[in-house]
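Participant: Shown below is the structure under consideration.
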Amino acid sequence: MKIASSLLLVIAAVAALVSVARAAVNIGDAAPDVQKSLSWALRNLLPIDREPVEAFLAREAVIAARHNDGHRAWVIRDTFEKLPPAMVDRLRATLADVRRRPGAPSTSRASAAAASFLSLGVEVPPAERVTIDRSTA
């Protein structure tokens, strides 16, 4: 029984780290639904594995302040209700002048990856793409 509960704790910790890693790819996205999903996930991960989530929020707050990234700052601020007051005070001070701006582009790594695919012409439907007939070569 003790081994099973220890194993469950390890699995929960690994799942929390994976979720924080996924959040790192998407934080900074301009889509409100993505921002809400990220803040929800981070709030729910805090009781499971507080230290990595708090470290992640602290790192991302510095990035948000450095780049005036309001999308990133919103996600961080939305986790405040689940954080200790001292942590909230530190994050609030770091993000003091950062606000979301209408029309600001996404700054997430996921949106950068999507943009690189678009620059390759992937947004063009397959039927309209230029193809090379290699059967005659």
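The values are calculated or read from the model by the stated rules, or taken from the named source; none is laboratory data. A quick note: this is a predicted structure, and the numbers were derived from the prediction, not measured. Cβ coordinates were reconstructed from backbone atoms using ideal geometry, including for glycine residues, and neighbour counts include every protein chain displayed.
Participant: Taking the condition of being small (G, A, S) and surrounded by fewer than 16 Cβ atoms within 10 Å (Cβ to Cβ), how many residues in the range 59-115 meet it?
Facilitator: 9
Participant: So, one more: Which residue pairs have Cβ atoms closer than 6 Å, lie 6 or more positions apart in sequence or on different chains, and pair a first residue in the range 70-97 that is closer than 19 Å to L45 by Cβ with a second residue that is aromatic (F, W, Y)?
Facilitator: V88/F80
Participant: Within the range 45-104, restricting attention to residues that are touching a helix residue (DSSP H, G or I) at 6+ places or on another chain (Cβ under 8 Å), farther than 14 Å from Q35 by Cβ and among the acidic types (D, E), which residue is modelled with the lowest pLDDT?
Facilitator: Within the range 45-104, the match that is modelled with the lowest pLDDT is D49.
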